[in-house]
1. Within the stretch 80-89, does at least one residue satisfy the condition of being touching a residue at least 60 places away in the same chain (Cβ under 8 Å), part of a helix (DSSP H, G or I), basic (Lys, Arg) and open to solvent by 60 Å² or more (accessible area, probe 1.4 Å)?
2. With farther than 28 Å from residue 110 by Cα, more than 12 Å from the chain's Cα centre (by Cα) and of a type outside the set (Lys, Arg) as the only criterion, which of 183, 254 stands out?
3. Applying the selection to the stretch 6-44, what residues are modelled with pLDDT under 90, among the hydrophobic types (A, V, I, L, M, F, W, C) and exposed (fewer than 15 other Cβ atoms within 10 Å of the Cβ)?
4. Taking the condition under 18 Å from residue 193 (Cα atoms) and either surrounded by fewer than 16 Cβ atoms within 10 Å (Cβ to Cβ) or modelled with pLDDT of 95 or more (or both), does residue 239 pass?
5. Criterion first (closer than 30 Å to residue 149 by Cα, of a type in the set (Gly, Ala, Ser) and touching a residue at least 24 places away in the same chain (Cβ under 8 Å)) does residue 56 satisfy it?
6. With the structure loaded, tell me whether residue 171 is at negative phi and outside any helix (DSSP H, G or I) or whether it fails that test.
7. Filter the stretch 40-53 down to residues that are touching a residue at least 40 places away in the same chain (Cβ under 8 Å) and either hydrophobic (A, V, I, L, M, F, W, C) or more than 16 Å from residue 118 (Cβ to Cβ) (or both), then give me how many there are.
8. Within the stretch 55-72, can one find any residue that is crowded, with 16+ Cβ neighbours inside 10 Å, more than 24 Å from residue 128 (Cβ to Cβ) and touching a Gly at 6+ places or on another chain (Cβ under 6 Å)?
Amino acid sequence: MAHYAAMTYFQAIVLALVQALTEFLPISSSGHLILVPRLLGWPDQGLAFDIATNTGTLVAVLAYFRRDLLAILRAAWGGLQRRTPFVGNARLGWSLALGTVPVVLVGALAYDWIAQEAREPRLVAIEMIVFALVLLVADRLGRRERDLDHTGVADTLVIGCAQALALLPGTSRSGITMSAGLFRGLTREAAARYSFLLSVPVGLLAAGKDLWELARAPAHAGHLGPTLVAVAVSAVAGYFVIGGLLAWVRRWSFVPFVVYRVVLGLGVLWWF
């Protein structure tokens, strides 16, 4: 059952801004949402609140990529009617659906462990460092020659499995999926766009689950105000972060994010 730790509106806004900045930058939103409260002396807000703020960043993705998503939905429906479901944007739509399967399976099997044991700060720090180095290797060795129009089933499965790995706090969903895309030969911008689009199906499922559990636990209504504020703040801030990152990857590499993650991870290992 979802549990929302008591918090002030100030704490909710701070954590929402942390979520917005770190969900799309490849530096791990889950890791920061665990580490920031620890460093500030706040109680762990719990995985349920993290999912709620993730709903806000999902809204940001839906707003930013609204034209792309509408085109994908129309193409997928038209493809089914014409019996050509794997052409153009329709193929991309089915690719996103297939890429969501691994994270749903792993999440269903390991939710309790992820919600409790996996939130230990030293483990988060180690994962931040390890997967930062994975991103560095992918950024350096990736061929960066393909766009989203030239992705196939193998690309989808690799990136989808990478997204499932990101259930471990500290891994970074955007970071590991972008790494997988780069290893598969996608350009930095294509890898980033695919990562953002792939967050939509799993984000909708997570939001639906959280709303269902909230409806079953009306006692949590006392924490509803800060949670709703957090969702709104993460949505607005996240919209601008998406645009900023896409502009960044058109011109520069992921190296600054790698350096930040390694330094932060080492700092956390020393602190704890």
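The values are calculated or read from the model by the stated rules, or taken from the named source; none is laboratory data. Computed from a prediction, not measured in an experiment: that's the story for all the values here. Using ideal geometry, Cβ is built from the backbone for each residue, glycine included, and neighbour counts are taken over all protein chains shown. Note: accessible area is taken over every heavy atom of the protein model, side chains too, but ligands, DNA and RNA are not part of it. Shrake-Rupley method; radii C 1.70, N 1.55, O 1.52, S 1.80 Å.
1. Checking the stretch 80-89: not a single residue is touching a residue at least 60 places away in the same chain (Cβ under 8 Å), part of a helix (DSSP H, G or I), basic (Lys, Arg) and open to solvent by 60 Å² or more (accessible area, probe 1.4 Å).
2. Values: 183 fails: farther than 28 Å from residue 110 by Cα.
One residue alone meets the criteria, 254.
3. Once the filter is applied, which keeps residues that are modelled with pLDDT under 90, among the hydrophobic types (A, V, I, L, M, F, W, C) and exposed (fewer than 15 other Cβ atoms within 10 Å of the Cβ), the stretch 6-44 yields 6, 39.
4. Values: under 18 Å from residue 193 (Cα atoms): yes; either surrounded by fewer than 16 Cβ atoms within 10 Å (Cβ to Cβ) or modelled with pLDDT of 95 or more (or both): yes.
So residue 239 fits the description; yes.
5. Details: closer than 30 Å to residue 149 by Cα: yes; of a type in the set (Gly, Ala, Ser): yes; touching a residue at least 24 places away in the same chain (Cβ under 8 Å): yes.
In short, yes.
6. On the way: at negative phi: yes; outside any helix (DSSP H, G or I): yes.
So residue 171 fits the description; yes.
7. The initial filter retains those residues of the stretch 40-53 that are touching a residue at least 40 places away in the same chain (Cβ under 8 Å), namely 44-49, 51-53.
Narrowing the set further to residues that are either hydrophobic (A, V, I, L, M, F, W, C) or more than 16 Å from residue 118 (Cβ to Cβ) (or both) leaves 47-49, 51-53.
Total meeting the criteria: 6.
8. yes
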